[in-house]
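Structure first, commentary second.
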Amino acid sequence: MPILAINNVYKTFGGGVAALNNVSLQVKEGEAVAIIGSSGSGKSTLLRCVNNLERVTAGEIVIDGDVLVTTTPGGVVQYPPDKEIRRITTKTGMVFQHFNLFAHLTCLENITFAPIKILGQSRQQSLQKAHELLEVVGLSSKANNYPDQLSGGQQQRIAIARALAMDPQIMLFDEPTSALDPEITNEVTGVILKLVQQKITMLIVTHDMRFARSAATRLIYMDEGKIVEQGPPEQLFENPQSPRLKEFLSSYQ
Amino acid sequence: MDFGYIQTILPALLQGTVQTLKIFVFTLLFSLPLGLPIAFGTMSRIAPIKLLSKAYVWVFRGTPLMLQIFFFYYYIPIFTPIKIDRLPAAVFTFVLNYAAYFAEIYRAGIQSVGRGQREAAKSLGFSYWQTMRMVVIPQAIRQIIPPVSNEVITLIKDTALVYVIGVPELMKAARDANNRDVNPMAYLIAAIIYLLLTFVFTLLSQWLEKRYSRHERTDAV
């Protein structure tokens with residue numbers, strides 16, 4: 001059973017713009033799937049639908065066997081009650097382009113916040129895990145600093161630790177390095193590559209081709225709300241089949 | 001300076017100050033919390049609630065406070081069976097009026113907290129109200145303190161308006177003394193008392209502001 005199954009998902013925004021146009025995608029345990037594509041191709045929207053930050057217009061999303069949304073043959077989109085939605089989406093860990101660390105909490109508190117409030121972990125239990133995660137992202141020394149006192153790269157590493165603290169079944173990265181200066185993207189991609197080696201299941205949306213190539217076990221190219229091509233990264237980069245992917249890659253040479 | 005004269009008017013002025021503080025404290029006690037549901041009302045997705053809340057804010061901010069004081073004091077006993085005293089009528093009006101201002105301050109403060117903070121909380125499994133209580137409001141407080149302090153200081157001075165319905169507060173005590181003795185000393189002392197009160201609340205708001213800005217950058221990295 002895949003950890004994440006996206007079946008025939010459509011998303012149309014107000015004004016009739018089709019962001020997702022019949023997208024189907026399965027992510028198996030231990031896979032690192034990277035999605036590339038130009039801005040507006042729908043890749044971020046797909047991630048946000050998986051995490052219920054956006055609601056689908058039609059289709060089905062199943063996370064770890066739990067149905068987040070399904071659509072009847074008559075076209076009625078069915079979401080479970082809010083509480084059940086929250087239980088299901090908590091199985092995903094989201095990392096945002098702009099980090100979105102809680103500004104009023106220290107780094108340590110950012111990491112222990114949801115495990116204590118949402119999972120009901122004890123303070124001690126969550127602290128122990130938080131310190132382990134701070135070590136993983138290499139920021140143990142910043143535990144008691146506020147996000148505002150950290151660089152962008154450091155904030156993003158804390159954000160990764162915060163998402164991991166919830167023990168998600170799958171990590172979702174929404175352009176994790178796009179808001180960073182080029183010279184510090186490595187400190188973030190380094191952490192993510194480490195997670196790939198640990199076989200943590202993930203779905204990454206990125207504009208960083210070098211990172212996509214090194215991190216992904218499978219690469220997906222999206223354009224105009226559709227999956228155009230997918231396969232092992234080497235195959236897509238070295239032998240792209242569709243003219244659109246060829247054109248897209250040539251713009252990155 | 002005629003200290004003998006000051007001594008004769010001071011007791012009445014201090015009694016007036018007690019009344020002023022009563023209006024002030026009771027108004028804050030009720031209007032500060034009342035502003036919150038109205039603020040959420042103005043941001044509600046349910047159209048009638050939103051419309052009603054916005055209309056409330058519009059009416060109470062859009063008409064003179066003095067008019068509202070007259071209206072509630074003279075017309076509540078006419079249109080309802082409720083008999084209302086001067087002081088409670090004044091406090092009632094102030095509560096409704098200040099809640100409208102506080103609601104707008106709260107709304108602006110809440111909306112100043114970025115969408116990213118709410119999305120992060122949602123993605124971690126927080127419900128809407130949990131997100132408000134644990135993420136948005138703690139951050140909004142920092143934004144809210146300065147404008148709330150402003151209103152609080154305005155309120156100290158606005159209490160003087162209730163002399164129009166004869167509440168024996170500081171302003172009325174000063175006016176009575178002046179009218180009786182044709183001596184501006186009462187006004188001068190009243191001014192000093194108002195200044196002392198506003199000074200205390202200015203200090204308090206500065207302390208609160210400092211307390212709630214802990215998370216802001218203190219040293220560059």
Residues of the stretch B:105-124 being under 21 Å from B:Arg142 (Cβ atoms) and surrounded by 18 or more Cβ atoms within 10 Å (Cβ to Cβ), which ones?
B:Ile105, B:Tyr106, B:Arg107, B:Gly109, B:Ile110, B:Val113, B:Gln117, B:Arg118, B:Glu119, B:Ala120, B:Ala121
Starting from residues that are within 18 Å of A:Leu25 (Cβ to Cβ) and without any contact (Cβ under 8 Å) to a residue 24 or more places away in the chain, keep the ones in the stretch A:231-240 and report whichever is surrounded by the fewest Cβ atoms within 10 Å (Cβ to Cβ).
A:Pro232
With the condition kept exactly as written, say whether any residue in the stretch B:125-141 is within 14 Å of chain A (Cβ to nearest Cβ), out of contact with any Lys or Arg (no Cβ under 6 Å at 6 or more places or on another chain), surrounded by fewer than 21 Cβ atoms within 10 Å (Cβ to Cβ) and under 20 Å from B:Leu29 (Cβ atoms).
yes
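Against the definition (under 27 Å from A:Gly40 (Cα atoms) and more than 14 Å from the chain's Cα centre (by Cα)), how does A:Glu183 come out, yes or no?
Details: under 27 Å from A:Gly40 (Cα atoms): yes; more than 14 Å from the chain's Cα centre (by Cα): yes.
When the stated conditions are applied, A:Glu183 passes them.
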Which of the residues belonging to the stretch A:100-126 are more than 8 Å from chain B (Cβ to nearest Cβ) and either of a type in the set (Phe, Trp, Tyr) or at positive phi (or both)?
A:Gly120
Could you check the stretch A:144-192 and list, in sequence order, the residues that are among the acidic types (Asp, Glu) and within 11 Å of chain B (Cβ to nearest Cβ)?
A:Asp148, A:Asp174
Verdict on A:Pro176 being in contact with a strand residue (DSSP E or B) (Cβ under 8 Å, 6 or more places away or on another chain) and under 16 Å from A:Ser44 (Cβ atoms):
yes
Report, ordered by the first and then the second residue, all pairs with beta carbons closer than 9 Å, sequence separation of six or more or different chains, a first member in the stretch A:204-217 that is over 9 Å from A:Val33 (Cα atoms), and a second member that is of a type in the set (Asp, Glu) and assigned to a loop (DSSP other than H, G, I, E, B).
A:Thr206/A:Glu175; A:His207/A:Glu175; A:Asp208/A:Glu175
Report yes if some residue within the stretch A:10-29 is of a type in the set (D, E, K, R), more than 16 Å from A:Val228 (Cβ to Cβ), at pLDDT 95 or above and in a loop (DSSP other than H, G, I, E, B); otherwise report no.
yes
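Which residue is nearest to the other protein chains (Cβ to nearest Cβ), if the candidates are limited to the stretch A:127-143 and must be surrounded by fewer than 20 Cβ atoms within 10 Å (Cβ to Cβ) and within 25 Å of B:Ser213 (Cβ to Cβ)? Steps first, please.
Start the filter on the stretch A:127-143 by keeping residues that are surrounded by fewer than 20 Cβ atoms within 10 Å (Cβ to Cβ), which leaves A:127-129, A:131-132, A:135-136, A:138, A:140-141, A:143.
Still in the list and also within 25 Å of B:Ser213 (Cβ to Cβ): A:141, A:143.
Numbers: A:Ser141: 11, A:Ala143: 14 Å.
Here the answer is A:Ser141.
The values are calculated or read from the model by the stated rules, or taken from the named source; none is laboratory data. Worth saying up front: this structure is predicted, and the values here are computed from it rather than measured. Neighbour counts run over all protein chains shown; Cβ positions are idealised from the backbone, glycine included.
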